[in-house]
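Novice: Dumping the structure here so I can ask a few things about it.
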Amino acid sequence: MQSQEFRVTDNKIKCEVLIVGAGPAGMMAAISAARNGSQVIVIEQKDIPGKKIYATGNGRCNFTNQYYDSRVFRGECPQFAYDAYKRFDKDELIGFMHQLGVTSRDINGYIYPYNEQARSIVNALVYECKRLGIDIRCSEKTLDIVKDESDIEGGFLVTTDKGIYRCENVILAPGGKASPTHGSDGNLNKIIRKLGHEIVLQDPALVPLRFADSSLSLLAGVRCKCRTVLMIDETAYDEESGEIIFNADNISGIPVMQMSRYAVKALAKGKKVCLELDLVPDMIGSDLKGFIETSIKERSGINEALGLILNDKLAEYLSERIKDTDELVKNIKHFRIEINGDCGFNKAQVTAGGVNAEQVTEDMESKIIRRLFFAGEILDVDGTCGGYNLQWAFTSGYIAGTAVSIKQS
Ligand SMILES: Cc1cc2nc3c(=O)[nH]c(=O)nc-3n(C[C@H](O)[C@H](O)[C@H](O)COP(=O)(O)OP(=O)(O)OC[C@H]3O[C@@H](n4cnc5c(N)ncnc54)[C@H](O)[C@@H]3O)c2cc1C
């Protein structure tokens with residue numbers, strides 16, 4: 001299908017549906033609306049569509065997951081996300097991608113494109129947009145959105161740095177604030193508030209956490225498989241198992257990233273935040289004590305004994321500081337790391353917070369302004385690691401795009 005012709009009146013370009021943001025949510029909304037017969041323009045401030053998708057899953061794009069439970073979506077109204085998910089779930093998304101020519105690969109429940117290249121997801125979405133005649137206008141930034149008072153039907157005037165659009169419906173899919181180099185930086189928040197919407201405080205999530213004790217920088221580069229407990233004001237709040245990574249001034253790895261949203265919110269409230277690592281989760285304390293005592297006798301010292309079960313750097317770090325066996329066991333089973341911050345939106349994969357879901361209908365339409373829709377990370381929904389954030393972007397994009405076109409017909 002050729003690109004649709006858009007009428008220009010009073011120097012304003014007319015269109016039925018204008019979408020801000022050509023990320024996964026915006027492109028999915030565009031495809032859903034156009035498949036239902038709507039004429040669609042997408043405004044994207046970056047030079048290419050789907051810029052962030054290339055970075056997802058370390059370039060492999062983990063776009064959904066086989067496993068869903070009540071812990072995967074977070075936000076002030078998590079039920080909002082679960083209800084939406086039921087309307088466009090993992091199987092629908094896998095089927096949608098398949099229909100666009102992208103077969104999927106299941107790695108321990110994590111779903112990727114079969115060739116494990118994010119590029120194929122972007123190409124498939126962009127190709128489908130072209131096929132449907134959707135006009136994606138890159139390197140164009142949306143600056144303002146106001147209600148078109150001259151339109152009794154209740155349309156909008158959207159101003160960009162290249163022109164003015166008169167449109168019947170607007171879908172806002174500009175992302176949150178995470179990873180601003182990919183275009184999502186909260187630049188539309190002021191306009192969204194001006195349109196009457198509350199934005200739940202946006203914090204970095206899925207983000208490495210900074211530690212207070214600078215001596216831990218000696219462990220930079222260490223990776224260890226452990227059980228990690230998040231302690232807030234000395235009470236266990238959450239726990240995860242898996243590989244954690246020590247860096248120069250922070251700690252990362254999937255377990256830390258998963259719990260980071262709670263740590264960040266607790267720190268903001270002035271609470272004390274600690275991570276407690278069980279560095280040898282496969283041994284109970286008494287067995288560990290016996291093992292260390294025997295190994296010390298058989299080997300030349302504590303360092304060598306610990307080196308049998310811990311990374312060399314960790315063994316050296318502990319053996320230089322602790323000589324008593326009971327103390328060693330305590331520190332290995334409860335290795336405490338005091339957290340005093342996070343690595344910010346630049347290193348975050350997602351945003352916790354966004355447009356308050358209570359002000360949005362189940363069709364992603366504003367309860368305050370008719371014909372204004374939201375999709376993706378701009379909403380107060382964030383997922384855990386594992387493909388849940390892209391699933392949310394596609395789910396909400398599908399619902400918004402479908403609803404906008406049904407309203408029109
Ligand atoms: C490094 C990294 C790895 C990740 N890996 C995964 C993963 O493997 N699996 C997973 O599920 N999730 C992953 N995520 C999260 C996921 O990428 C996001 O949640 C998802 O891209 C959000 O989609 P979106 O369409 O809402 O927003 P975005 O993808 O952020 O797209 C928003 C678009 O809007 C544009 N825009 C913003 N303001 C304007 C404006 N004023 N005018 C015009 N255009 C504008 C932006 O340029 C951007 O292109 C990862 C994120 C990062 C940073």
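Novice: Arranged by the count of other C-beta atoms within 10 angstrom, fewest first, what order do F374, F6, F80, F96 take?
Specialist: Result, fewest neighbours first: F6, F96, F80, F374.
Novice: In terms of the ratio Rg/(2.2 N^0.38 Å) built on C-alpha atoms, what value belongs to the chain?
Specialist: Normalised Rg, Cα atoms only: 1.14.
Novice: Another question about this same structure. Starting from the Cα gyration tensor of the range 179-222, multiply each eigenvalue by 5, take the square root, and state the resulting semi-axes largest first in whole Å.
Specialist: Taking √(5λ) for each eigenvalue gives 36, 13, 7 Å, largest first.
Novice: Give me the angle, in degrees from 0 to 90, between the Cα long axis of helix 254-268 and the longest principal axis of the Cα atoms of the chain, rounded to the nearest 10.
Specialist: Orientation of helix 254-268: about 80 degrees from the principal axis.
Novice: Further, regarding this structure: Let me have the relative contact order for the range 295-409, percent, based on Cα pairs under 8 Å that are six or more residues apart.
Specialist: 16
Novice: Would you please give the residues with an amide H less than 5 Å from that of I164, counting only those at least 5 places away or on a separate chain, with H modeled from the backbone geometry?
Specialist: For I164, whose amide H was placed from the backbone, the distant partners under 5 Å are I13.
Novice: Quick one, what does Rg over Rh come out to for the range 252-319 if you take C-alpha atoms and the Kirkwood Rh?
Specialist: My calculation puts Rg/Rh at 1.15.
Novice: What is the fewest-to-most order of K265, K323, K272 by other Cβ atoms lying within 10 Å of their Cβ?
Specialist: K323, K272, K265
Novice: Another question, then. Taking neighbour counts of Cβ atoms within 10 Å as a proxy for exposure, in what order, fewest first, do S38, S252 appear?
Specialist: S252, S38
Novice: Using amide H atoms built 1.01 Å from N in the peptide plane, name the residues 5+ places from V350, or on other chains, whose amide H lies under 5 Å from its own.
Specialist: It is A205, by chain and number.
Novice: Please turn the phi angles of the range 65-76 into ³J(HN,Hα) values with the Karplus equation 6.51 cos²θ - 1.76 cosθ + 1.60 (θ = phi - 60°), one per residue in order, whole Hz, x for glycine and proline.
Specialist: Working through the residues one at a time gives 8, 6, 10, 10, 9, 6, 9, 7, 10, 10, x, 6 Hz.
Novice: Quick one: what do you get for the range 209-342 if you divide its Cα Rg by 2.2 N^0.38 Å?
Specialist: Here the answer is 1.05, to two decimals.
Novice: Here is the link list: K194/K271; K130/K194; K52/K130; K141/K271. Which ones come out longer than 28 Å on Cα distance?
Specialist: Check vs 28 Å cut-off fails for K194/K271; K130/K194; K141/K271.
Novice: Looking at T384, L201, I369, which one has the Cα that reaches farthest to the positive end of the dipole of the chain (charges on Cβ: Lys, Arg +1; Asp, Glu -1)?
Specialist: The listed residue farthest towards the positive side: I369.
Novice: Let me ask another. Hey, how many Å between the Cα centroid of the range 125-153 and the Cα centroid of the range 78-109?
Specialist: Cα centres, the range 125-153 to the range 78-109: 26 Å.
Novice: Hey, which of these cross-link pairs are over 25 Å Cα-Cα: K86/K190; K147/K190; K46/K367?
Specialist: The answer is K86/K190; K46/K367.
Novice: Count the net charge of all other residues whose Cβ sits under 12 Å from the Cβ of I322, scoring Lys and Arg as +1 and Asp and Glu as -1.
Specialist: Charge balance in the 12 Å sphere: -2.
Novice: Right, another one. For K333, go through the lysines and keep the ones whose alpha-carbon is under 20 Å away, minus same-chain ones fewer than eight residues off.
Specialist: K225, K289, K313, K323
Novice: ³J(HN,Hα) across the range 122-130 via Karplus (A = 6.51, B = -1.76, C = 1.60, θ = phi - 60°), whole Hz, x for Gly/Pro?
Specialist: Using θ = phi - 60°, the values come out as 4, 4, 5, 5, 5, 4, 5, 4, 4 Hz.
Novice: May I pose another question? Rounded to the nearest 20 debye, what is the charge dipole size of the range 209-342 about its Cα centre when +1 sits on each Lys and Arg Cβ and -1 on each Asp and Glu Cβ?
Specialist: 320
Novice: OK, next. Restricting the calculation to Cα positions, tell me the Rg (one decimal) and the Dmax (whole number) of the range 43-186 in Å.
Specialist: Calculated on Cα positions, Rg and Dmax stand at 17.7, 55 Å.
Novice: Also, quick follow-up: Provide, for q = 0.13, 0.14, 0.20, 0.22 Å⁻¹, the log10 of I(q)/I(0) from a solvent-free Debye sum over equal Cα point scatterers in the range 105-230.
Specialist: -0.89, -0.97, -1.31, -1.39
Novice: Over the range 209-342, what is the relative contact order in percent, taking alpha-carbon pairs closer than 8 angstrom and at least six residues apart?
Specialist: After rounding, I find 32 percent.
Read-outs throughout are calculated quantities, based only on the coordinates presented, and are distinct from any laboratory measurement. Just so it is clear, the model here is predicted, and its values are computed rather than measured. Cβ coordinates were reconstructed from backbone atoms using ideal geometry, including for glycine residues, and neighbour counts include every protein chain displayed.
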